[in-house]
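Chemist: This is the structure I have questions about; it appears just below.
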Amino acid sequence: MLPGIDDGSPDVDTSIELIQRMKSWGITRIIATPHVTQASFENTPDTMANALTAVKDELKKRNIEIDITHSAEYRIDELFLSHLNDDILVPMPNNYLLVENSFIQEPWNLDQILFDLKVKGYKPILAHPERYMYYYNKKDRYNTIHSTGTKLQL
């Protein structure tokens, strides 16, 4: 949804087209969650806010009304840990925070990171856990993650 900052919309015109299509489906609120990933999508609160401003300005110019805001989908990597330490994460409403694992392996300290997020007041949501093949033979891992208060986004 936010133009030019990850593998989504390449420009404002495409963003507007996507938003108009979503409105035609009855969607009235959008929370854009661009990727924040080390070495590929090293987005910051500023890059995301600037892209959102560009979209909102164009929506206003075209008299298109929709509630649009942003957060991010944070890959748990060194960049994420840096953003966490610097206190520059951009959560969704009510302090929900969308995080994702590597597709290759679970972070060795995932439980500690999820705990630390909760201590800081965030409510973690693990993005697309069904895609993590390393859990396929360890289905109890889903229960462990969920039972400690982390939501699962499917």
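Chemist: Pairs please, first residue from the range 6-27 and closer than 17 Å to ALA51 by Cβ, second anywhere and charged (D, E, K, R) and not in a helix (DSSP H, G or I), Cβ atoms under 9 Å, 6+ apart in sequence or on different chains.
Modeler: Qualifying pairs under 9 Å: ASP6/GLU73; ILE16/ARG62.
Chemist: Name the single residue that is farthest from the chain's Cα centre (by Cα) among those in the range 23-34 being open to solvent by 40 Å² or more (accessible area, probe 1.4 Å) and not β-branched (Val, Ile, Thr).
Modeler: SER24
Chemist: Could you please find all residues in the range 1-22 being open to solvent by 70 Å² or more (accessible area, probe 1.4 Å) and not in a loop (DSSP other than H, G, I, E, B)?
Modeler: Once the filter is applied, which keeps residues that are open to solvent by 70 Å² or more (accessible area, probe 1.4 Å) and not in a loop (DSSP other than H, G, I, E, B), the range 1-22 yields ASP13, GLU17, GLN20, ARG21.
Chemist: Return the residues of the range 36-67 that are in contact with a helix residue (DSSP H, G or I) (Cβ under 9 Å, 6 or more places away or on another chain) and crowded, with 19+ Cβ neighbours inside 10 Å; say none if nothing qualifies.
Modeler: VAL36, THR37, ASN43, ALA51, VAL55
Chemist: Would you say ASN143 is among the polar types (S, T, N, Q), closer than 20 Å to VAL36 by Cβ and either open to solvent by 30 Å² or more (accessible area, probe 1.4 Å) or free of Cβ contacts under 8 Å to residues at least 40 places away in the same chain (or both)? I'd like the intermediate steps shown before the answer.
Modeler: Numbers: among the polar types (S, T, N, Q): yes; closer than 20 Å to VAL36 by Cβ: no; either open to solvent by 30 Å² or more (accessible area, probe 1.4 Å) or free of Cβ contacts under 8 Å to residues at least 40 places away in the same chain (or both): yes.
No: the conditions fail for ASN143.
Chemist: Also: For ILE27, are the conditions met, namely being over 30 Å from ARG141 (Cβ atoms), in contact with a strand residue (DSSP E or B) (Cβ under 8 Å, 6 or more places away or on another chain) and aliphatic (A, V, I, L, M)?
Modeler: No, not satisfied.
The values are calculated or read from the model by the stated rules, or taken from the named source; none is laboratory data. Not measured: the values here are computed from a predicted model. Reconstructed Cβ throughout: ideal geometry from the backbone, glycine too, with neighbour counts over all protein chains shown. Side chains included, ligands, DNA and RNA excluded: accessible areas come from the protein's heavy atoms. Shrake-Rupley method; radii C 1.70, N 1.55, O 1.52, S 1.80 Å.
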